[in-house]
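Engineer: I'd like to ask some things about the structure below.
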Amino acid sequence: MEPNATQSEMAHLLRVSWIVLIPAGVLLSLVLYKLAMLLHSLLDFLNLARYELAPAMKDVRLIAEHVEMLSERAATGVKSIEEGVASTGPALKSLGREIQHGFQSFWGGIIKSFNRKR
């Protein structure tokens, strides 16, 4: 091969390399820029989370305590209602018998008063 042809091929290869390297460099710099912006946003998020997450967790813990207290009160109320219903069961039965006897006596008295001979 001639030295002149080799030089022209090398010059052509060098031009093609620059044509490929320049866009690749630009794209690489854009990727690095986006990565830097992502890291900056992540740092801002972590700072925000550090200062805002602790009070939010305190609020969530407080809400959980209040819900637990309310559920305990509700369970106690339901238990007392169950005990009240259980204790009124026999009383209602005896009351029903007394009402029945009273109604029978009342009805018997009315019948006797109308059956009296005057």
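The values are calculated or read from the model by the stated rules, or taken from the named source; none is laboratory data. All of these numbers come straight from a predicted model, not from anything done at the bench. Reconstructed Cβ throughout: ideal geometry from the backbone, glycine too, with neighbour counts over all protein chains shown.
Engineer: Of the residues VAL67, VAL78, only one is under 30 Å from the mean Cα position of the chain (by Cα), at pLDDT below 90 and either surrounded by 10 or more Cβ atoms within 10 Å (Cβ to Cβ) or assigned to a helix (DSSP H, G or I) (or both); which?
Structural biologist: Exactly one of VAL67, VAL78 is under 30 Å from the mean Cα position of the chain (by Cα), at pLDDT below 90 and either surrounded by 10 or more Cβ atoms within 10 Å (Cβ to Cβ) or assigned to a helix (DSSP H, G or I) (or both), namely VAL78.
Engineer: Of the residues ALA86, ALA56, which single one is without any contact (Cβ under 8 Å) to a residue 24 or more places away in the chain, assigned to a helix (DSSP H, G or I) and surrounded by fewer than 10 Cβ atoms within 10 Å (Cβ to Cβ)?
Structural biologist: ALA86
Engineer: Can ALA91 be described as part of a helix (DSSP H, G or I) and at pLDDT 85 or above?
Structural biologist: Considered against the rule, which asks whether it is part of a helix (DSSP H, G or I) and at pLDDT 85 or above, ALA91 comes out as no.
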